[in-house]
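Step one of this worksheet: look at the structure below.
The values are calculated or read from the model by the stated rules, or taken from the named source; none is laboratory data. Owing to the predicted nature of the structure, the values given are computational and were not obtained by experimental measurement. Don't worry about glycine lacking a Cβ; one is built from the backbone with ideal geometry, like all the others, and counts go over all protein chains shown. Remember, those area values only see protein heavy atoms, side chains included, never the ligands or the DNA or RNA. Shrake-Rupley method; radii C 1.70, N 1.55, O 1.52, S 1.80 Å.
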Amino acid sequence: MRFRLTKGAVLAGLLASSGAALACADVGCEPVWSLFGGSQACHNHVVIAPGNDSRLNLLALLRDKAGLGLASGTAYPDPGYDETGFGHTFLDWGMASRQWVPAADPLADPPATILDSPCAFYRDGTPAFAAALAANKALPGGERTALATARDQLVARCSDAALPAVLPGVAVGSAPGKAFLGYLAASDAFYAARYGEAASGYAALASAPDPWVAETARYMQARSELRAALAKSIDEYGFFDGIKSVDKAAAVRGKAALAEYLKAYPNGRYAASAAGLERRALWLAGDFAALGERYEALLTAAPQDGAGLVSLINEADNKYLSSGDNPDARVGGLLLLAAADLKAMRVADPADDNAVGSETPLDAATLASQQASFLRAPELYAFLQANHAFYVGKDYARVLQLIPDDARKAAYTPLAFSRQVLRGQALAAKGDPNEAGFWLELLGGAKDLWQRPTVELGLAMNWERHGKLAQVFAPGSPITDRMVREILIAHSAGPALLRRAALDTARPQEERDTALFTLLYKQLSRGDYAGFGSNLPLVRGAAPVDGLWGFGPGSAAPVGLFAKGKTAQAGFACASLPATAAALAANPQDIHARLCLADFWRLNGFDGFTVLDTAPAKQALGGAANDYPGTPLPRGTIYAAAIADPRTAPDDRAYALFRAVQCYAPSAYNGCGGADVLVAQRKGWYDRLKREFPRSTWTQKLKYYW
């Protein structure tokens, strides 16, 4: 599935990563908050990078060339900033992954927009035809009426072929009448998909006595040839079978007809459409060299904002940069060449099945041969060289040579910012002791769209790697971005930092709730029952209880579950959660209290909840450190231990046997965590419950084993 660049793209959705189908990319990638991995076509950053959607890179380069930022004067967006950019599954400010399926690109999907619903287009042209009839004063009134009626009947017959033929019954004698009738005959063939007949009919009207007929027929001759080029390339299921299936001769004839129309009518009523169709003709004819030149010129001259730019970037990517029919996208002008070079630097990680690399990686010699193409853009060329050194060559010292330190500017255009971030990445890859200082200096000028969070991400990753996580949460910390902080809260912070963050009244309540939820969850699941009891009173009365399965960095934390959640199953008595925690603090092996803890997890939907137990990749934020000790205690382990312990009371053992079997209901998969057991073991638990506790309520409830 392809996605289009939407109008909101110009100002939005560019920071983190994407799991959507990227232009020049593939599907299946997971979001990653990292400055690394940007060569794998799974990640979108506000910085220009190989792994970005090619359209994002084009937009950034165009804006940079005009001396503009990505935010059109908006310095730093608020959390509600529009995230719908580029019509992809970009991460919005709340880390929520969204899928957008906008309307089809008219060039990208011929079945949907070129060949479907021809009768609707036919009907839409009725007013123009009527106006042309009215404008020709030499046309007799009776013929005018007959021609208008005939066209209405042809439109109706377009949708219902069973209707009788129309044109044989139309009688005209004047020269303009015959011209209009010839036009209707050609149009009847066109909308009936008899494109060769239509093209011939329109061509015969090039010198028609009516000016509207003469001009429109020339334009429609070109359209007929282009439709003829596509006619056999749509398969039985409505899919486009690629440029290889196109009738190239018809495409060339269509291209020539468009050139003739524009020569005769440079300011004609269809001139703008004809200019656009010329690009389609070049694409259908497979003339990618000329197509690249056309896109380069149009992109260079285009307004640097608005829907027109969005549409042009969509088209240039879809028909040139991303086209599998294009033998080499690296033969265009400067903008397209840079975008194609970046695409060709994608290097897939062999350990990542989802990573997408370039089929034809750019080699250093090819890049060196392009130097003359970038004589007027030396900083861009150096940036491309540095990207190659970083992502392909892994030569981080070379990156630092190519990109001097310029971290103390007051503001940055997209390219200037991208250059400095790449330098910071190289410092990080080298383990340079000056890396943190570099990020701190770069913060001062990071004012355009999502530049500051990007720099904060680099600084936070450095502090995490070097055991300085406390600096992220210190008073006056430069790390203010909620997403960056909450990822570290969820995955890296230890008990003391979590408590500090939960009590930090200078931060938003949502962040404090996330810190407290993380602290209480980890204390209760990892055996710090006394700590849980001492921190539970911090839960505010209005704390949310819903949204456990939507929980993650950037979303509301259901911390109220620990104060208001369910604690007892009918038929199995349990104290309140604070009392259960107190009992476990006194005796962590208290069997009944452990069973009640398991019921708390079960009754409140925590089965399978692993958000806070699964670390990100090591090169991602939150993956370099885990300062919280211990591992979670699964429900399945609690039941198995209670069953095996000879001190377990009969009622508790019966309940543990019942729950241990139920862990596999009804799918036969373990839903309780802990080690899986074979069906024979589950049958053994079932038989034991029936044998040792025949009168137990739990025996009566358990009808099957799985």
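Rolling a 1.4 angstrom probe over the protein chains, ignoring ligands and nucleic acids, what is the accessible area of Thr505 in square angstrom, nearest 10?
110 Å²
Could you pull out the trypsin sites (Lys or Arg not before Pro) across region 223-332 that fall in loop regions by DSSP (anything but H, G, I, E, B) with no more than 13 other Cβ atoms inside 10 Å?
Lys232, Arg269
Cross-link list Lys409/Lys618; Lys255/Lys319; Lys430/Lys468; Lys343/Lys618; Lys248/Lys319; Lys522/Lys701: which exceed 23 angstrom alpha carbon to alpha carbon?
Beyond 23 Å: Lys409/Lys618; Lys343/Lys618; Lys522/Lys701.
Using DSSP to define loop residues, name the trypsin sites (Lys or Arg not before Pro) in region 423-478 whose beta-carbon has at most 16 other beta-carbon atoms within 10 Å.
Within region 423-478, the qualifying trypsin sites (Lys or Arg not before Pro) (loop, at most 16 other Cβ atoms within 10 Å) are Lys468.
Roughly how tilted is helix 271-285, in degrees to the nearest 10 and between 0 and 90, from the longest Cα axis of the chain?
That helix lies at roughly 70 degrees to the long axis.
With everything on Cα atoms, drop me the angle between helix 577-586 and the longest principal axis of the chain, reported from 0 to 90° to the nearest 10.
Its long axis makes an angle of about 50 degrees.
Residue-wise, which Karplus ³J(HN,Hα) couplings in Hz belong to region 450-458, taking 6.51 cos²θ - 1.76 cosθ + 1.60, θ = phi - 60°, and x for glycine or proline?
6, 6, 4, x, 5, 5, 4, 4, x
Could you state how much accessible area Tyr704 has, in square angstrom rounded to the nearest 10, with a 1.4 Å probe and all protein chains kept in place?
150 Å²
Can you give the accessible area per residue of the chain, in Å², using a 1.4 Å probe?
41 Å²
What's the local net charge at Arg419, with K and R +1, D and E -1, over the other residues with C-beta under 12 Å away?
Charge balance near Arg419 sits at -2.
Which far-off residues, 5 or more places away or on another chain, put their amide H under 5 Å from the one on Phe693, with H placed in the peptide plane?
none
Given charges of +1 on the Cβ of Lys and Arg and -1 on the Cβ of Asp and Glu, with all other atoms neutral, how large is the dipole of the chain about its Cα centre, in debye to the nearest 20?
I would put it at about 1100 debye.
Tell me, which longest segment in the chain has none of the GluC sites (Glu not before Pro) that fall in DSSP loops with at most 10 further Cβ atoms within 10 Å?
360-706
With θ taken as phi - 60° and the coefficients 6.51, -1.76 and 1.60, list the Karplus ³J(HN,Hα) couplings across region 228-244 in order, rounded to whole Hz; mark glycine and proline as x.
4, 4, 8, 4, 9, 9, 9, 7, 5, 9, x, 9, 6, 8, x, 4, 4
Count charges around Ile479 for me, please; just the other residues with Cβ under 9 Å from its Cβ, Lys/Arg as +1, Asp/Glu as -1.
-1
Kindly provide the Kirkwood hydrodynamic radius of the chain in Å, to one decimal, from all pairs of distinct alpha carbon atoms.
For the chain, the Kirkwood estimate is 30.2 Å.
Got the relative contact order for region 558-612 handy, in percent, Cα pairs under 8 Å and 6 or more residues apart?
37 percent
Treat every Asp and Glu Cβ in region 413-479 as -1 and every Lys and Arg Cβ as +1, leave all other atoms uncharged, and give the resulting dipole magnitude about the Cα centre to the nearest 20 debye.
Approximately 80 debye in magnitude.
Rg and Dmax of region 577-627, using alpha carbons, in Å: what are they?
According to the Cα coordinates of region 577-627, Rg and Dmax are 15.3, 42 Å.
Considering amide H positions built from the backbone, and no H for Pro or chain starts, which residues 5 or more places from Ile48, or on another chain, come under 5 Å of its amide H?
Long-range HN contacts for Ile48: Ser418.
Ignoring everything except DSSP H segments at least 4 long, calculate the 222 nm mean residue ellipticity for the chain; use -39,500 (n - 2.57) per segment, divide by total residues, nearest 500.
Helices in the chain give a 222 nm mean residue ellipticity of -14500 deg cm²/dmol.
Using mean Cβ contacts within 10 Å as the protection proxy, how do 530-541, 491-502 order, highest first?
Put in order of decreasing packing, that is 491-502, 530-541.
For the chain, what does the relative contact order come out to in percent, with C-alpha contacts under 8 Å and a separation of six or more?
Worked out over the chain, it gives 11 percent.
Can you give me the relative contact order of region 493-636 as a percent, contacts being Cα pairs under 8 Å and 6 or more apart?
Computed value for region 493-636: 25 percent relative contact order.
Going by a ≥ b ≥ c, the root eigenvalues of the Cα gyration tensor, does region 248-349 fall in the rounded group (a/c under 1.5), the prolate group (a/b larger than b/c) or the oblate group?
Since a/c reaches 1.5 but b/c is at least a/b, the shape of region 248-349 is classed as oblate.
Excluding Trp601 itself, calculate the net charge of residues whose Cβ lies under 10 Å from the Cβ of Trp601, where each Lys or Arg counts +1 and each Asp or Glu counts -1.
Charge balance in the 10 Å sphere: 0.
Amide H neighbours of Ala493 under 5 Å, at least 5 residues apart or on other chains, H built in the peptide plane: list them.
Under 5 Å from the amide H of Ala493 lie the amide H atoms of Asp627, each far enough along the sequence or on another chain.
Explain nothing, just compute: Karplus ³J(HN,Hα) = 6.51 cos²θ - 1.76 cosθ + 1.60, θ = phi - 60°, for every residue of region 480-488 in order, whole Hz, x for Gly and Pro.
Going residue by residue, I get 10, 5, 4, 5, 4, 5, 6, 5, 5 Hz, with x marking Gly and Pro.
Quick one: with all protein chains in place, what share of the accessible area of the chain is carbon or sulfur, to the nearest percent (1.4 Å probe)?
It is 55 percent, rounded to a whole number.
Please work out whether region 354-466 counts as rounded, prolate or oblate from its C-alpha gyration tensor, where a ≥ b ≥ c are the square roots of the eigenvalues and a/c under 1.5 means rounded, while otherwise a/b larger than b/c means prolate and anything else oblate?
The shape class here is prolate.
Looking at region 150-251, which chymotrypsin sites (Phe, Trp or Tyr not before Pro) are DSSP coil and have at most 14 other C-beta atoms within 10 Å of their C-beta?
Passing both the DSSP loop test and the Cβ count: Tyr237, Phe239.
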